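This report refers to the structure that appears directly beneath it.
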């Protein structure tokens, strides 16, 4: 684990001393270290006791995990303000505010570093790509719905998922390579997914557990395979370059009951591709 943790309720980024004499020279480019969300770093160790050595006040509580690259720490606070801090001093290198008004609050999409760019989503439905050196907004993608998941950086691509289970494959600079929509492709619904009336008309009755679609937790990726938790099911997408290919959808066996779970934890370390 890296020598950095977050204190979400205080609006502080705190630094813990993990090993005597350790300097912040190791990169931790995305949440749980890699795109598989494994958190598996067997070549690193932690010595106790841990001790607080510094803290930097931000503009709001912190519900995300920081990313570390080339001696800098990148963190997004609850108000959607992105911060870049010097890893040695915790001095502010730059900060960038994001738009979205009252909806831009309680942000939980942790930042990820890809090719000199910082990626993260907001509750206001925007995916931001910032220049890691300056904090300048390079690209802003309006997804139309909140983004809970942290981006997954894998094999030269950045994969983004919205709460409504839309998936974007991006280049590091934010250029969109392709998109895929669970609701349209799997549930075959092209209306307003957030409208109960639209669902009632589509179903000619009430929606049921079979129509769950939300992606409230982090996606994962391994090479060109993207794993999407959507509506209690697991979806495997293959990145074919200019298009996605549906590889498989995990189904609940009959012997385990018929209803999909509302949400579940996901790590490629525990899922066979």
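The values are calculated or read from the model by the stated rules, or taken from the named source; none is laboratory data. The structure displayed is predicted, hence computed values, not measured ones. Because the Cβ atoms are built from the backbone with ideal geometry, glycine has one as well, and the counts that use them run over all protein chains shown.
Of the residues making up segment 75-96, at least one is over 21 Å from residue 162 (Cβ atoms), buried (at least 21 other Cβ atoms within 10 Å of the Cβ) and under 14 Å from the mean Cα position of the chain (by Cα).
Of the listed requirements (1) modelled with pLDDT of 95 or more; (2) part of a loop (DSSP other than H, G, I, E, B), residue 141 misses just one: (2). Screening residue 211 against (1) over 19 Å from residue 117 (Cβ atoms); (2) at pLDDT 95 or above; (3) buried (at least 16 other Cβ atoms within 10 Å of the Cβ) leaves a single unmet condition, (2).
Summed over segment 67-94, residues that are in a loop (DSSP other than H, G, I, E, B), modelled with pLDDT under 95 and on the phi < 0 side of the Ramachandran plot total 4. Out of the residues in segment 224-252 that are at pLDDT 95 or above, touching a strand residue (DSSP E or B) at 6+ places or on another chain (Cβ under 7 Å) and not in a strand (DSSP E or B), state the one that is nearest to residue 151 (Cα to Cα). Among residues in segment 224-252 that are at pLDDT 95 or above, touching a strand residue (DSSP E or B) at 6+ places or on another chain (Cβ under 7 Å) and not in a strand (DSSP E or B), the one nearest to residue 151 (Cα to Cα) is 224. On the stretch given as segment 95-123, residues that are farther than 16 Å from residue 150 by Cβ and in a loop (DSSP other than H, G, I, E, B) total 7. Which one is nearest to the chain's Cα centre (by Cα) among residues in segment 212-223 that are more than 18 Å from residue 251 (Cβ to Cβ) and assigned to a loop (DSSP other than H, G, I, E, B)? Selected residue: 218. The C-beta contact set for segment 204-220 (first residue more than 17 Å from residue 235 (Cα to Cα), second residue modelled with pLDDT of 90 or more and outside any loop (DSSP other than H, G, I, E, B), distance under 7 angstrom, 6+ apart or interchain) comprises 206/200; 207/199. Among the residues of segment 124-138, the ones that are outside any strand (DSSP E or B) and either touching a helix residue (DSSP H, G or I) at 6+ places or on another chain (Cβ under 7 Å) or more than 15 Å from residue 102 (Cα to Cα) (or both) come to 6 in all. So is residue 108 within 13 Å of the chain's Cα centre (by Cα) and touching a residue at least 40 places away in the same chain (Cβ under 8 Å) or not? Yes.
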